[in-house]
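Trainee: One structure, pasted below without further comment.
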Amino acid sequence: METVDVRYIGSNGQYQTYSPQDVALINTALITANFGGPNDYIEYFIKDLAGNVLESVYNSTQYSIGSIVDPITGTTSQLNLNPEEDARAS
């Protein structure tokens with residue numbers, strides 16, 4: 001299983017730490033090494049503290065791609081996500 005490195009890339013340069021309660025809300029999944037193939041997509045769910053789904057996005061395009069691993073297939077091993085911005089836009 002690969003490790004997912006979550007970094008804050010907002011404008012103020014601060015990083016957020018997560019409490020055990022926050023971590024419990026973050027679902028984990030096995031992620032393949034490269035992203036960007038024809039069947040790849042990002043979905044996310046915003047939940048409140050009680051676990052109720054407030055927003056569901058099944059095909060998010062709100063991300064930027066890092067370094068391209070394979071220029072022929074266009075797949076990458078780095079995605080830049082901004083969950084705070086996504087939550088505020090909902």
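The values are calculated or read from the model by the stated rules, or taken from the named source; none is laboratory data. Keep in mind that what you see is a predicted model, and the values were worked out from it rather than measured. FYI the Cβ positions are ideal-geometry reconstructions off the backbone, even for glycines, and counts take in every protein chain you see.
Trainee: Just wondering, is there one or more residues in region 66-73 that are more than 19 Å from Asp22 (Cβ to Cβ), assigned to a strand (DSSP E or B), of a type in the set (Asp, Glu) and out of contact with any Lys or Arg (no Cβ under 6 Å at 6 or more places or on another chain)? Let's see the steps before the verdict.
Mentor: First, pick out the residues of region 66-73 that are more than 19 Å from Asp22 (Cβ to Cβ): 66-73.
Right, trim to assigned to a strand (DSSP E or B) and you get 68-70.
This time we only want the ones that are of a type in the set (Asp, Glu), so: 70.
If we keep only those that are out of contact with any Lys or Arg (no Cβ under 6 Å at 6 or more places or on another chain) too, we end up with 70.
The answer is yes; a qualifying residue exists.
Trainee: Return yes when Leu54 is part of a strand (DSSP E or B), surrounded by fewer than 13 Cβ atoms within 10 Å (Cβ to Cβ) and more than 11 Å from the chain's Cα centre (by Cα) and no when it is not. Explain how you work it out, then say what you get.
Mentor: Working: part of a strand (DSSP E or B): yes; surrounded by fewer than 13 Cβ atoms within 10 Å (Cβ to Cβ): yes; more than 11 Å from the chain's Cα centre (by Cα): yes.
Yes, satisfied.
Trainee: Go through region 63-90 and report how many residues are at negative phi and either surrounded by 14 or more Cβ atoms within 10 Å (Cβ to Cβ) or among the small types (Gly, Ala, Ser) (or both). Spell out the reasoning first.
Mentor: Let us first name the residues in region 63-90 that are at negative phi, namely 63-73, 75-90.
Adding the requirement that they be either surrounded by 14 or more Cβ atoms within 10 Å (Cβ to Cβ) or among the small types (Gly, Ala, Ser) (or both) leaves 64-69, 75-77, 79, 81-83, 86-87, 89-90.
The number of residues fulfilling the criteria is 17.
Trainee: Can I ask one more? Just the residues that are loosely packed, with under 11 Cβ neighbours inside 10 Å and either at pLDDT 70 or above or over 19 Å from Ala89 (Cα atoms) (or both), please, taken from region 8-23. Before the answer, list the steps.
Mentor: At the first step, the residues of region 8-23 found to be loosely packed, with under 11 Cβ neighbours inside 10 Å are 11-15, 17, 19-21, 23.
Gly13, Gln14, Tyr15, Thr17, Ser19, Pro20, Gln21, Val23 - these are the residues of region 8-23 that are loosely packed, with under 11 Cβ neighbours inside 10 Å and either at pLDDT 70 or above or over 19 Å from Ala89 (Cα atoms) (or both).
Trainee: Of the conditions (1) at pLDDT below 75; (2) within 24 Å of Pro71 (Cα to Cα); (3) of a type outside the set (D, E, K, R); (4) surrounded by 10 or more Cβ atoms within 10 Å (Cβ to Cβ), Ala33 fails just one. Which one is it?
Mentor: Condition not satisfied by Ala33: (4).
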